[in-house]
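Since the structure comes first, as structure tokens, the remarks are kept for the end.
Since every read-out is calculated from the coordinates, none of them should be taken as a lab result. Note that the structure is a prediction, hence the values are computed from the model and not measured. Neighbour counts are summed over all protein chains in view; Cβ atoms, including those assigned to glycine, are modelled from backbone coordinates with ideal geometry.
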Amino acid sequence: MAAQNSHKSFQLLLLLSVFVVATCGLIYELVAGTLASYLLGDSVTQFSIIIGTYLFSMGIGSFFSRFFNTNLIRWFIQIEILVGLVGGFSSTILYLLFEHAAYFKLILYLLVGLTGILVGLELPLLMRILKDRIEFSDLVSKIFTVDYIGALLASIIFPLVLIPYLGIMKTSLFFGLFNVLVAVFICFRFRSDIPGSRFIIIEGIVAIIFLVLGVIFSESLLRMAESMAYSDKIIYSKSSPYQRIIVTKNSEDIRLFLNGNLQFSSKDEYRYHEALVHPGMLNVANPKKILVLGGGDGLAVREVLKYPEIESITLVDLDPSIIELFKSNSLLSDLNKSSLFSKKLTVINQDAFVWVRRQTQLFDFVIIDFPDPSNYSLGKLYSLSFYKELKKIVNRKGCVVIQSTSPYFARKSYWIVNETLLKAGFNTLPYHCYLPSFGEWGFVLASPTALPTTDIIPKIENLNFINRETFQQLVYFPPDMSRVPSKINTLNDQFLVQTFEKEWSHYTQQ
Amino acid sequence: MISRRNFLIKGIGLSSTIALASSYSGCSPKIDRRETLRGPNHTLGHKLRTGTFPKPTQIIKTEVAIVGGGVSGLAAARILKQRGIEFRLIELEDKVGGNSHSDKNSVSSYPLGAHYLPIPGTYDKDLLSFLEEENVITGYENGKPTYNEYYLCFDPKERLYINNHWQEGIIPVNGVDRKSTEDFDKFNELVKKFKALKGSDGKEAFCIPLHFCSDDPSIKKLDTITFEFFIQQHKLSSPHLLWYLNYCCADDFGGTISTISAWAGIHYFCSRKGSASNAQPDAVLTWPEGNGWLVNKLMKYAVKETTTNSMVFQVGYENGKCIVDYFDAIKEESIRLVSEKVILATPQFINQRILSGTLERKIDYAQFSYAPWMVANIKCSNHLEEKRGERLSWDNVIYGSKSLGYVNSNHQNIQLFSDRQVITYYLPLTGADSNAERKQSHQRSFKDWYELAIEDLKLPHPTIEHSIEEVDIWLWGHGMIRPSVNFISKTSFDASAPIGQKIFFVHTDTSGISIFEQAFFVGTQTAKMITV
């Protein structure tokens, strides 16, 4: 009687593990499909190929099951632990490798294949374990019933519960854990029937520890995935209410990233900032009052401070954390020559549009260094209304310079900025320069009355990039960047944002 | 490369929101938030049915008495003021504005009713000149008005939550079958045809104000069938299109395709012929407080002349003069206005009770059906948790919902970041029997309305409840006149007839469509006519 009972519970437990293997197996497959469609796009293709690969691999697994001839139950449990580990960590591995692996798809299909093979091994093994204990027709019916029920459960809870509440990474880790736990439990329960069960249990416990650590650190793993997106060492990272700030450093340069977008590289930022500041500065007869919008890094201010006759600089940047960072970090304050400590400087942490609209004072030269118009919020700072407000605070003989994205990568966008400035009543002088770390970059010099000139006479020495000859070349646009007629950008029709999105998407697709 | 990185960063954002959500799921939402359930003053209003009012103790003489300070009443006041005619305006509520009421909280102004004005056609001269006066139109280019950029609705304008995803625009596109696309194409062809159509009298078939529309019987006969019947006649049956048409009928009429006439339904789609040098023909003007902004501009013409918190209970005609008796709820006394003319900018269900029995009107009051509306202004801390797709837009619609979705009151802000926001959620009660709907509405508690709104908003914003700080619910018992079959061509036309060139009717229920342009036009024209 006792023996029969133990037989019954043995059967039941093995059937339970079929159920778990089936559920977990399908979950891993769905995780891979979902991740692939997130990361690579085209969900129909991804899901279709992944399901195919998975089923085919199960076939391979079934085929190879014939080569397992001894200690079937031991093999069964070990494979289950392995499935838990491989499947459980599959999403983590894919996340971490995505940015780096040259053959990401290959790794993806290898992982799917490996999971498939392991799951494929399990069913035949189990059938063979149970074949002498249960009548054949009963065995087949039971195993397949449980298998299919597991599949149904997985496919229902995955989209409805797991993805919304756990997220993809935790889902696969949790199921890996579940998988291994069941394996360890069975092994423990029938330790007397299984040779070397103690070793398997230890193996299982190590796997469990790894998976639990994975669950606990899944958030930081995601962050690590982020940090691996930057090729250099991260020396500073912070999320301000407005943006995510990252500074990286290697032996040669320091780089600033905002929301993952490169802002400058210390190696060639002098080109950018000289080109941004000096042509405009030299176009104003007697510049005294300077306004810098954006540019909390203090690098444009550094260039302005090269002119001793400047009386005051007003810097408006929304995010105080940037200013703080560029004041407190010695690497960065070396880079901006401690410009943010200048007595001539007033820092205002406000929304530029709101601030400009309220001003009544006039500035001789305004430097605008906003992030690119990549969304509708930022697009407002490139609108006709903004430029009209801007015109009201520029001295009649003063001028304005605007960083206006790349005329090469986003040619139409660049010329929309120029067109919008013209509509606001400015005279403009578009120019561009080459930055090794960015490529071709564009600026527009604009003046309310006079036409800005290329005939500049540098008043200061030690500039490494801008001089009269260089600047005269910068205003020529080769045919692949030359002016294209376009609409303007307004608050009610942000044509620039739509265009910018389209143009950059050509360069950001895989 | 950038897209990979963006994805990873978004992935972090997503998982941390989820973490936040799950850390909340155990506790109930904040209980210290401000909750209000308000509406027009129906206690004073109901007194008309039941109560008796004291006899007037004072008589004030004036040239014109305006009853009702909604847009039509205020538009009339503007003309009288500009022409130097003495007048008084009596308003039941504590402030003027009617359906364009608005309010504000610590974050933003917000509408309690009407919230936008489509740019008018060039033939709506009165409205254009008002918009010029208020610097909404800043100039003209090639004969087309240039609108103030700050008042034109900013980008991004509209999005629709459909198939667990926000798509751009309100017409369903995401996951829509071929049949639906074909039906939308067919419907657009019809819209194009009716937009261009002119009647035998040379007038436009559909335009705003309604007075400029053609009287051609072959067009007017569309008012004798339901919009639903018209749609069936054209073999349009895709559920996506029907949802869209019902959405639009709810938006402008508080009705459904089965309760409004085909003429009114077509008018919604084919009458807007705006023109601007700096905007698309379908552009709209909007402000954080909605049309409350326009009301604030109009009300300056009647500051001294307006008496609020006052219920007019009798309008009559005695010895060649008009009399208007009203009860001042603050002073608790009745006053009689004696005037040459009266402009009634009140709805007919009020007029039915205040017009003295000796004044005959050939109208069927039972035909006037007004849809109740619920408007919830919700102040949220932080940003709403978003599902995938388009970003927060001005108008955010949920496919398949009975509501009209919500409008972002902070949308016209030039500020890039704000840590709080106010959204205005609109729920018209479109049931065919508006009296039953109204009765039921008045029985609902704050909690009932709150749950209705939140259940709907939770679809696209699962964790919205946790960020709500204030909920201001406003219930309109008689929100909008519903242009049912034969209403515009017959019932409302009858109601617009003045009595003896002394008492004039200007409420939009005498036009059949409750829109700002119509109220403004009728108020303005009537005031001009009686002061010639």
Problem - Per-residue ³J(HN,Hα) for region B:411-416, Karplus 6.51 cos²θ - 1.76 cosθ + 1.60, θ = phi - 60°, Hz, x for Gly and Pro - result: 4, 7, 6, 8, 4, 7
Problem - Total formal charge among the other residues, if their Cβ is under 11 angstrom from that of residue B:249, Lys/Arg +1 and Asp/Glu -1 - result: -2
Handout entry: Within 10 Å of each Cβ in A:65-71, the average number of Cβ atoms from other chains
Key = 0
Problem - Shielding score for B:414-424, defined as the mean number of other chain Cβ atoms within 10 Å - result: 4
Fill in the blank from the handout: Quick shape check on region A:268-508: root eigenvalues a ≥ b ≥ c of the Cα gyration tensor, a/c under 1.5 is rounded, otherwise prolate if a/b tops b/c, else oblate, and it reads rounded
Completion exercise
Summing +1 per Lys or Arg and -1 per Asp or Glu among the other residues with Cβ less than 13 Å from residue B:159's Cβ gives -2
Exercise for the section: Could you tell me the distance between the Cα centroids of region B:314-351 and region A:148-226, to the nearest Å? Expected result: 79
Exercise for the section: Would you please give the FRET efficiency between residue A:192 and residue A:56, computed as 1/(1 + (r/R0)^6) with r the Cβ-Cβ distance and R0 = 45 Å, to the nearest 0.05? Expected result: 0.75
Practice task
Scan around residue A:493 for amide H atoms under 5 Å from its own, H built in the peptide plane at 1.01 Å from N, and keep only partners 5 or more places away or cross-chain.
Solution key: B:155
Handout entry: Karplus (6.51, -1.76, 1.60) ³J(HN,Hα), θ = phi - 60°, over region A:381-398, in Hz, Gly and Pro reported as x
Key = 7, 10, 8, 4, 4, 5, 5, 5, 5, 4, 4, 5, 10, 9, 3, 3, 9, x
Handout entry: Share, in percent, of DSSP beta bridges within chain A that are antiparallel, nearest 5
Key = 60
Completion exercise
Shielding of A:256-265 by other chains, given as the mean Cβ count within 10 Å, works out to 2
Completion exercise
Magnitude of the Cβ-charge dipole (Lys and Arg +1, Asp and Glu -1) of the protein assembly as shown about the Cα centre, nearest 20 debye, reported as 500
Problem - DSSP-loop trypsin sites (Lys or Arg not before Pro) across region A:74-136, with at most 13 other Cβ within 10 angstrom - result: A:131, A:133
Practice task
Place the peptides A:193-200, A:15-22 in order of packing, highest mean first, counting for every residue the other Cβ atoms within 10 Å and averaging per peptide.
Solution key: A:15-22, A:193-200
Handout entry: Sum of side-chain charges, residue A:405 neighbourhood, beta-carbon under 14 Å (Lys, Arg +1; Asp, Glu -1)
Key = -3
Completion exercise
Ranked from fewest to most other Cβ atoms within 10 Å of their own Cβ, A:145, A:420 fall in the order A:145, A:420
Practice task
Could you go through region B:183-198 in sequence order and give the Karplus-derived ³J(HN,Hα) for each residue, using 6.51 cos²θ - 1.76 cosθ + 1.60 with θ = phi - 60°, rounded to whole Hz, and x for Gly and Pro?
Solution key: 5, 5, 4, 4, 5, 4, 4, 4, 4, 4, 5, 6, 5, 8, 5, 10
Fill in the blank from the handout: Honestly the protein assembly as shown on the Cα gyration tensor test (a ≥ b ≥ c root eigenvalues; a/c under 1.5 rounded, otherwise a/b vs b/c for prolate or oblate) is just oblate
Practice task
Would you mind working out the magnitude of the charge dipole of region A:268-508 relative to its Cα centre, with +1 at each Lys and Arg C-beta and -1 at each Asp and Glu C-beta, to the nearest 20 Debye?
Solution key: 860
Exercise for the section: Measure nothing but the geometry: give the 0 to 90° angle between the long axis through the Cα atoms of B:239-253 and the longest principal axis through the Cα atoms of chain B, rounded to 10°. Expected result: 40
Exercise for the section: Report the calculated FRET efficiency for residue A:330 and residue A:238 (r = Cβ-Cβ distance, R0 = 25 Å), to the nearest 0.05. Expected result: 0.90
Handout entry: region A:451-510 versus region B:50-107: alpha-carbon centroid distance in Å
Key = 57
Fill in the blank from the handout: Packing-ranked peptide list from B:45-57, A:480-492, B:289-301, highest mean Cβ count within 10 angstrom first, is B:289-301, A:480-492, B:45-57
Problem - Order of B:484, B:109 under a 10 Å beta carbon neighbour criterion, fewest first - result: B:109, B:484
